[in-house]
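The structure appears right after this line, and notes come after that.
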Amino acid sequence: MHQITRLLTFAAVLVAIASPALAKSLVVYSPQGEENVQWIIDQAKAAGHDVQFLRAPGGELFDRLVAEKNNPQADVVLGMVDTSMALLKKNGLFQPYTPAWAADLPAQYKDKEGIVYKFWSTPIVIAYDPEKLAAAEAPKSWLDLIKGEYKGKYVIGNTAWQTTRVYLAGILARFLDDKGEVTQAGWNFLGAFYANAIVVDDADARKEAFKSGGAVINLNWFGGVIKDARELGMQVKVIDPEGGTPVISEGVAIMARTDQLEQAKAFVDWFGSADVMAGYAKKFGQVPVLPAALAKSPPEVQANAKLVKAQPIDWDAVAPKLDGWLQKIELEIR
């Protein structure tokens, strides 16, 4: 029981799960931040949706969902990233449902089976400090980073970090053969990529690399780049690289064994709608992927959406292989 209590952010969630009186509340599992979740709860309540959230880190939620497969407590999963949603789908935890807002969603943000639909996106970008690196000297693609002139000028983080995992997946996805396996050329590239970098294990070492270690190129999620610029006193310019930028997208899906199916459908229809997504964008600055929502978003959000082109990545194919790739990186390359 202590494990359940430890994972619950809102006391009401425990009540919702345990109390027959609240059995009709929709239970949503999500790794979103506390402020974000509270905003969703408040907006949902105002719209007539009776929802309770269980909020925890994505890795813990993933393990919990798998453990609960035969006795699910959640009705909806919201906000987990591409790889996690792909693996949960592969494990049979979700059921098909096409939300009312899905027709105009770009193809890269919905899967072929009509099960997982994405609603927000965050690019993992290459950025640099224009005061320390001229625009003409900046890399034009991820594949440029192994060139000699960039040695010691960028940082590779811990492979446990989501951002690191995503850009490594994005790089290796460029080197797949017709069977979906990484070619030797891909592993050779990754070896050179690591050899040319400052490799760190923790946040303090990463910050030090930028403060005094010569790093001027930042491989990071977009919000992290802005945060680094503010905290480290750096100027920042984002590159729109050849071949595209890997993008983390957050998805929503309905659990296969929910006993609140109609309520779950109604909530998903509401949550991903253009008005709700635009309201979230205004509140938190996140970029919605639904065109109608983006059109209603603040100008700065619309501008951020145009900074880079997304790299096409088949996460359904990549997700089952990623842990094996990362293990090889740790044992043979790093």
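The values are calculated or read from the model by the stated rules, or taken from the named source; none is laboratory data. Owing to the predicted nature of the structure, the values given are computational and were not obtained by experimental measurement. Every residue, glycine as well, gets a Cβ built from its backbone with ideal geometry; the counts of neighbours run over all protein chains shown. Remember, those area values only see protein heavy atoms, side chains included, never the ligands or the DNA or RNA. Shrake-Rupley method; radii C 1.70, N 1.55, O 1.52, S 1.80 Å.
Packing, as the average of other Cβ atoms within 10 Å across residues, places the peptides 140-149, 85-94 in the order 85-94, 140-149, highest first.
Taking a sphere under 11 Å around the Cβ of Lys118 and counting the other residues whose Cβ falls inside, with K and R at +1 and D and E at -1, yields a net charge of -2. Taking amide H as placed 1.01 Å from N in the peptide plane, Asn220 has its amide H under 5 Å from the amide H of Val125, Ala127, each at least 5 places away in sequence or on another chain.
Looking at the chain, the accessible area is 46 square angstrom per residue; that uses a 1.4 Å probe and ignores ligands, DNA and RNA. Restricting the GluC sites (Glu not before Pro) of segment 20-77 to loop positions (DSSP other than H, G, I, E, B) with no more than 15 neighbouring Cβ atoms within 10 Å leaves Glu68.
Need one number: convex hull volume per residue for the chain, Cα atoms only, in Å³.
So the per-residue Cα hull volume is 144 Å³.
Note on the chain: with a GNM built from Cα contacts shorter than 10 Å, the maximum mean-square fluctuation among Leu26, Leu133, Leu290 falls on Leu133.
In the frame of its principal axes, segment 24-92 has Cα extents of 34, 24, 16 Å, reported largest first. The helix-only estimate of mean residue ellipticity at 222 nm for the chain, built from DSSP H runs of length n ≥ 4 each weighted as -39500 (n - 2.57), is -12000 deg cm²/dmol after division by the residue total. Ordered from largest to smallest accessible area (heavy atoms of protein chains, 1.4 Å probe), the residues Tyr167, Tyr109 come out as Tyr109, Tyr167. Close amide H pairs (under 5 Å, H built 1.01 Å from N) link Met80 with Gly251, residues at least 5 positions away or on another chain. Here the chain is treated with +1 on each Lys and Arg Cβ and -1 on each Asp and Glu Cβ, and its dipole about the Cα centre works out to around 180 debye.
Among Thr163, Thr245, Thr183, the residue with the largest mean-square fluctuation in a Gaussian network model of the chain, with springs joining Cα atoms closer than 10 Å, is Thr183.
Considering only Ala292, Ala310, Ile329, the residue lying farthest towards the positive end of the dipole of segment 281-334 is Ala292, judged by Cα position with unit charges set on Cβ.
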